[in-house]
Amino acid sequence: MEENIKNILIVGKGAVASALAKKLKQNSGIEKIFVAPGNGVESDSYFNIDLREEDLTGLLKFVLEHEIDLTVPVSERALKSDIVSFFLSNGQNIFGPSKQACNIAINKASGKKFIYRLRAQTSRFGIFDKAQAAEEYLSNATFPVTIRTYECSSILDDMLVCPTMSIAKEFLSNLTLKNETDILVDEYTFGQSFTLYFITDGYSAVELTSVANYKFTQDGNSGILTNGIGAIVPSPFVSQNVMERVRNIVVSTLNILERKGSPYVGILGVEGIYTYDDKFYISEFKPFLQEHDAAAVLKLVDDDLIRIFKACIDGYFADEYEMIKMNDYTSVSATVLSCKENKVVKGLEMAENFEDIDFSGILKSEEGEYVTSKGEVFTISRMASTLSRARDYLYEDLGQIQFDGIKYRKDIASEYRY
């Protein structure tokens, strides 16, 4: 390989780390891929290593001892620990943003303020240090509202859509008990959720793709609001006009961060709500691909990601890339949740080595059975020449796997069937 990348370390866990490892392993020049801390399930694509995401000294020692040529942090915990600055100061190739650069994506309150200062259209919001101040703000707010703490790193986190003042007060009281600060209150925007992803070297940005997000746990957009429970890639409703306008927001963002001395290197997601007639609201930034959409996005990439990552690190990305090569297929994904712990998963014997499954919450018992943890368990994604066919493949696979307490959306992409 031109870049001589043979061994890779991915720092993170869950479906994102799994999907990225599988994608990078397709490159014929790769010998070994390690994932820290790993997913608890063995894989033909990568080796799990027992190192915490924020253990920077331990991770650097591993990199040096195992001759790692490239490190890719995909978790917010790793990025928050500023693994990028630490590794760069020790002469390591690492693809990702520094802690300071990605603060707008990890700290939801800071990100919202940043969007407002960009003069991008966003929903009315308030940020409060105490729940009591948030409650006073709500007395003049338009319901429903979304209430979040400043960091949401799991798809099920401290985030809720509150249709009434009484529900909002109850949720705020729970945040008070947990001593949460930087409480973000958004007036809820009705519409279709999307994310646009860009690859950037800190100075220029190239579009990756668009994603249509399913964020509520129950069919018909009811139930608990999450960071993502299913996806369609590319989004059926994001127009080129919307893409260009969001790209302008990304360019402005990169310019501001570069002037502050913290250029953003990596994958940057911009999440928004599409309303009608190409009108949209920007809601937040994402520091990498997300659990529900990582595999669905990566399946459509026909370009050499390792070469792209290295180009961003070494500073020749803008000279060589005006676009990322993507195939003409459509992919659909669904994240499966478990309402219960330690429930045996049946059907994995047919899908254990299935490339379309990325595990995030499955453990192996002493008896050798695969059992669930509570929350997200795995994400399945399928690709086909048409959206309707990809959806059919997805639900055929989901029908093979069963366990007590299984939960997933059954209406993903149903509104686009034809």
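Odds and ends about this structure:
- When Val242 is tested against the conditions (1) open to solvent by 10 Å² or more (accessible area, probe 1.4 Å); (2) without any contact (Cβ under 8 Å) to a residue 60 or more places away in the chain; (3) on the phi < 0 side of the Ramachandran plot; (4) out of contact with any Lys or Arg (no Cβ under 6 Å at 6 or more places or on another chain), the lone failure is (1).
- Test: residue in the stretch 135-143 that is open to solvent by 20 Å² or more (accessible area, probe 1.4 Å), outside any loop (DSSP other than H, G, I, E, B) and of a type in the set (A, V, I, L, M): no
- The number of residues in the stretch 43-75 being under 20 Å from the mean Cα position of the chain (by Cα) and open to solvent by 50 Å² or more (accessible area, probe 1.4 Å) comes to 2.
- Residue ranges of strands (runs of 3 or more DSSP E) in the stretch 336-418 with at least 2 members at pLDDT 90 or above and over 18 Å from Glu42 (Cα atoms): 375-384
- Checked against (1) more than 25 Å from Ser81 (Cβ to Cβ); (2) part of a helix (DSSP H, G or I); (3) over 16 Å from the mean Cα position of the chain (by Cα), Ile256 meets all criteria but (1).
- If the condition is being in contact (Cβ under 8 Å) with a residue 40 or more places away in the chain, in a strand (DSSP E or B) and either within 26 Å of Ala231 (Cα to Cα) or open to solvent by 10 Å² or more (accessible area, probe 1.4 Å) (or both), then the stretch 4-42 contributes Asn7, Ile10, Val11, Gly12.
- Taken over the stretch 215-231, the criterion of being farther than 11 Å from Ser193 by Cβ and open to solvent by less than 20 Å² (accessible area, probe 1.4 Å) is satisfied by Thr217 alone.
- Exactly one residue out of Tyr370, Tyr316 is free of Cβ contacts under 8 Å to residues at least 24 places away in the same chain and open to solvent by 10 Å² or more (accessible area, probe 1.4 Å), and it is Tyr316.
The values are calculated or read from the model by the stated rules, or taken from the named source; none is laboratory data. What you are looking at is a predicted structure, and each value in this text was computed from that prediction instead of being measured. Methodologically, a virtual Cβ is constructed for each residue, glycine included, from the backbone with ideal geometry; neighbour enumeration extends over all protein chains shown. We work out accessible area using only protein heavy atoms, side chains counted, and drop any ligands, DNA or RNA first. Shrake-Rupley method; radii C 1.70, N 1.55, O 1.52, S 1.80 Å.
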